[in-house]
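Working notes, beginning with the structure itself.
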Amino acid sequence: MLLCATCALLYLFISPPTSSPDEIAHLSYPRFLLYEKQLPSFQTSQDFWESHQPPLYYFFSVPFVKIFSEFSIENQLQLDRCASFCLYGISLYSFFLLLKKLFPGQLYLQSVGILVLGIPMVAYLAGSFSNDISMLLISTWICYWIFYKSQISFEHKEAIFFGMLIGAGLLTKIHVYPILLVGIIFVLWKKRLLLWIEAGLSAFLISFWWFVHNIQTTNDVFGLSNTFILWNSQKTTLSGFHDVFVLCGKLFSGFWGVFGKFNITYPEILYAFLAVISMIICIYALRYLRDVQVKKILAIACIEIIFVIVQNFTFYQPQGRYLITLIPFIGILFCIIAQHATKKGIKLTLISSILFIATLNSLGLILIHSYYQKNPVQSFIYPRNINLLQEHLQGDVEKTQRVGDALAIHSPATLFTLQDMRLDTQKNPYVHFTSQGDDSFMVTIMWKRLGDTTFDNIRSTQAVINKTGDIKIHESEKTLLQDIQVEFQSSHDTITLTEFYIATN
């Protein structure tokens, strides 16, 4: 457990803020809960594309956001990840308790199982701000019920508690739903009808409000209609066996470790080695198919993998991290296989597993550190609170992009990006501001030319704005501008913009 936790902490501090997939959008969620006292919606602002996500993880993370709100912005973004780290710690301890029940008195074997939770992708997610890690905790508890709790006693109290767990899972993430369904079948199978009703009622009372909220805001139970719009550009291109084979390869590599939104990967030969190791484990597992527990684990793994593959036939997202729900089941499977070895063999397996996990994570940390040394992440100065109305166009569509009204910006600073802006540089583009009050504030405009893939060669200009003012963007080359960043800084608590748009004259 200590090795796994250490790896997660190292990922937490070595990965730059906002470098994990969609981390800035995940961070927006609890901050909005904290400062606005309501759930965000898809229309709230440009940073809320994760607003369709069930809220359990974000409710849990609100206290961490509050505690670290007095730190610098960069430190806040890094330390807010402690929410994921804590859930990871709870998952490790819960899984350890389960292994103690399943393999009593076999400390070496228990340690072998725990190390499965330390594979690089899991440790990396434990050091990131993402609701993926909450799926690990729910999956671990479902494991506890399938393999232990439902086997020893199951009366009214157990049915209610199990129903509460299912309700919590429904508020976690949609990719854990197949595990919940399998858990319901395995735990409640052949149980009395009354126990089914009690479990179902408990789950309903915990989670029904979320589905009512989805129907009211998006007209569908799971709240995915806006996500479909967001993912429209990611519609699948799968058309044959070869495409599915490539998808499975990406899922496999992502399961072991593909880091950050820039997809930092291990060398291909290492993935080939991991494929060989995985095949050997699967072959050994097939030798023990007579074991009921092995049958359950393999069935669960097939269901979850098929679910993720089928999802990619609608929207192409080959993310192996979605298979994190299988980690506790694989840990139990690994223990069952190792259990048939001699005591000396189990000790050798444990030593090999420690070296294996430590080496993989060390290499992953080195790759991440090296990548961001060569390709530094643009610093995101994230607002404590930002109230953006839905973007809309005003006047001549080709000349003016309206950004928002009554934009409340809280100090010390705010930076956000307006992507895919198209401004003709021959017409002297400018950014116009009108603010309430007489308090002055600094505005920095940063931009790049169309076709630039990064902000490495960024152009910028700045000015002090009092009540109203314009900042002209000077670009001598005859090309279009794209991806304009606007940064506000003030010594005052709040800047309230009543008008803010980019235009050409």
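Every number here is computed from the coordinates shown, using simple stated rules; none is lab data. Note that the coordinates shown come from a computational prediction; the quantities given were computed from them, not determined experimentally. Cβ placement follows ideal geometry from the backbone for every residue including glycine, while neighbour counts extend to all protein chains displayed.
Show me the ranking of peptides 463-469, 133-139 by mean Cβ neighbours inside 10 Å, starting with the highest.
Descending packing order for the listed peptides: 133-139, 463-469.
Can you list the lysines whose alpha carbon sits under 22 Å from that of residue 472, skipping same-chain ones fewer than 8 residues off?
Excluding near neighbours in sequence, the set is 399, 427, 448.
Any idea how far apart residue 363 and residue 96 come out in nm if each label point goes 7 Å out from Cα toward Cβ?
Placing both labels 7 Å along Cα→Cβ, they lie 2.8 nm apart.
If you build the convex hull over the alpha carbons only and average its shadow over all orientations, what do you get for the stretch 295-334? Give it in nm² to one decimal.
Dividing the Cα hull surface by four gives the mean projection, 2.7 nm².
Can you tell me the length gained on complete extension of the stretch residue 440 to residue 221, counting 0.36 nm per residue apart and subtracting the Cα distance?
Between residue 440 and residue 221, full extension yields 74.2 nm more.
Let me make sure I get this right: for the stretch 283-375, a, b and c are the square roots of the gyration tensor eigenvalues over alpha carbons, sorted descending. Under 1.5 in a/c it's rounded, otherwise prolate if a/b > b/c, else oblate. Which is it?
Here the stretch 283-375 falls in the oblate category.
Would you mind getting me the FRET efficiency between residue 278 and residue 196? Use the beta-carbon distance for r and R0 = 35 Å, nearest 0.05.
0.45
Kirkwood Rh, the stretch 114-222, all Cα pairs: how many Å?
One over the average 1/r among Cα pairs gives 15.0 Å for the stretch 114-222.
Efficiency by 1/(1 + (r/R0)^6): what FRET value for residue 209 and residue 164, r their Cβ-Cβ distance, R0 = 22 Å, to the nearest 0.05?
0.95
Can you tell me how the stretch 51-104 classifies by the Cα gyration tensor, rounded, prolate or oblate, using a/c under 1.5 as the rounded cut?
Because a/c hits 1.5 or more and a/b exceeds b/c, the stretch 51-104 counts as prolate.
Students often check this: by mean Cβ neighbours within 10 Å, which of 147-153, 31-37, 3-9 ranks highest, and how do the rest follow?
3-9, 31-37, 147-153
Compute the FRET efficiency between residue 108 and residue 467 as 1/(1 + (r/R0)^6), taking r as their Cβ-Cβ distance and R0 = 60 Å, and round to the nearest 0.05.
0.25
Excluding residue 341 itself, what net charge comes from residues whose Cβ is under 13 Å from its Cβ, given Lys and Arg +1 and Asp and Glu -1?
+4
Between residue 70 and residue 248, 0.36 nm times their residue separation minus their Cα-Cα distance comes to what?
Between residue 70 and residue 248, full extension yields 59.7 nm more.
Give, in whole angstrom and from largest to smallest, the semi-axes √(5λ) of the equivalent ellipsoid of the stretch 254-304, with λ running over the eigenvalues of the Cα gyration tensor.
Equivalent-ellipsoid dimensions as semi-axes: 28, 15, 5 Å.
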